Amino acid sequence: MTARPRALVTNDDGIDAPGLRALAGAAQELGLDVVVAAPAVQSSGSSASIIAGLEERDRIALRRHPLDGLDDVPAYAVGAAPGLIALIAAYGAFGDPPDVVLSGVNHGANVGRAILHSGTVGAALTAGINKSRGLAVSLDVGLAVEYHLEAPAAEPHWATAAELAARVVPALLDQPPGTVLNLNVPDREPGELGELRPAPLAAFGIVQTTMTEQTDEHIRLSVAGLADPPAPGTDADLLAGGHAVVTALRSVCEIDSPVLDAVAGAAATARE
């Protein structure tokens, strides 16, 4: 690791999101060589999509977009989802490839297996398969409220999440490329946080999407909170209880499964 590790800061809430500025500022104060590149428009739910803007499929729109309070940090508004931004960063789109991709601070928790759909997490996972490290950072602005454990804050505590992320980054940089962490932080003052707890993923997440109407011309979806509290000890459960939680994620990889032998056997039989 070099004396000044290089960090790409991105998000899925868009270039003007306050959580992005908080995370970039914390990374700069940590002494990292920071570049910011974030979607020009809101890109939540984009997972690790590498689809660029609709206007020109073979080109990605890019423009400088200075951030308030971070005048010496190069920042770009990009016509792409965060997964694609992390991908092109690995190819040197914003200078030397980053040693770590910091994604967030997201407006809302990213917990449970539903993080598959998160653009915040998608950027971190994309970094992990491209010889970098990834840290997805999210601020819970609704989970504890959803389960009636506390009242909503008047203004999200972006700095709380960004400062905790900055404490996690040095340990992450000591890990080999490919390491990806998912950090969720309660929406509280730093002194009101519970301890940072490693946690497994909840079975799903904090909300569920269902189909509420289907016609020959359209399908209507709705999003609602889950009826039951999360399983004890999971990331969603501990976060709702006031603890910051961190989960190590494995990116896309192959597995060994008995179905492979069954498929190979069926294919051999079909050739006979």
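Please treat every number below as a calculation from the coordinates, not as lab data. Predicted model, so just to flag it, every value in this text is computed and none were measured. Every residue, glycine among them, receives a Cβ derived from its backbone with ideal geometry; neighbour counts consider all protein chains shown.
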For the stretch 1-117, size of Cβ-based charge dipole, Lys and Arg +1, Asp and Glu -1, in debye: 240 debye
Report Rg(Cα)/(2.2 N^0.38 Å) for the stretch 69-185, keeping two decimals. 1.11
Lys131 versus Gln175: modelled label distance in nm, points set 7 Å from Cα along the beta carbon direction: 2.0 nm
Separation in nanometres of the label points that stand 7 Å from Cα toward Cβ, at Arg4 and Phe204: 4.7 nm
Given the Cα-Cα distance of Ser251 and Arg271 and 0.36 nm per residue of separation, how much length would full extension add, in nm? 3.7 nm
Say R0 is 45 Å: what FRET efficiency, to the nearest 0.05, do Ala231 and Val41 get from their beta-carbon distance? 0.80
Give me the percent of DSSP beta bridges within the stretch 1-81 that run antiparallel, rounded to the nearest 5. 35 percent
Restricting to the chain, what percent of DSSP beta bridges are antiparallel, rounded to 5? 35 percent
With the chain treated as a Gaussian network of Cα nodes joined by springs under 10 Å, which of Pro258, Pro177, Pro229 yields the largest mean-square fluctuation? Pro258
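Note down the Stokes-Einstein diffusion coefficient of the chain in µm²/s, whole number, using a Kirkwood radius over alpha carbon pairs, 25 °C, and 0.890 mPa s.
127 µm²/s
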Among Leu181, Leu20, Leu172, residue whose mean-square fluctuation peaks in a GNM of the chain (springs only between Cα atoms under 10 Å): Leu172
Cβ charges +1 (Lys, Arg) and -1 (Asp, Glu), total dipole of the chain, debye: 660 debye
Of Ala267, Thr212, Pro229, farthest towards positive along the dipole that unit charges on Lys, Arg, Asp, Glu beta carbons give the chain: Ala267
Rounded to whole Å and sorted largest first, what semi-axes of the equivalent ellipsoid does the C-alpha gyration tensor of the stretch 1-115 yield via the square root of 5 times each eigenvalue? 20, 17, 14
Give the order of Val105, Val169 when sorted by the count of other beta carbons within 10 angstrom, beginning with the fewest. Val169, Val105
Gaussian network model of the chain, Cα within-10 Å springs - most flexible of Glu254, Glu195, Glu217: Glu217
The stretch 7-70: Cα Rg divided by the 2.2 N^0.38 Å rule of thumb: 1.19
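Counting only helical runs of four or more DSSP H residues, what would the 222 nm mean residue ellipticity of the chain come to if each run contributes -39,500 (n - 2.57) and the total is spread over all its residues? List each step's numbers first, then the result.
Numbers: 7 runs with 71 residues, N = 272.
Estimated from H runs of four or more residues: -7500 deg cm²/dmol.
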Dimensionless Rg ratio for the stretch 76-140, taking C-alpha atoms and the 2.2 N^0.38 Å reference: 1.07
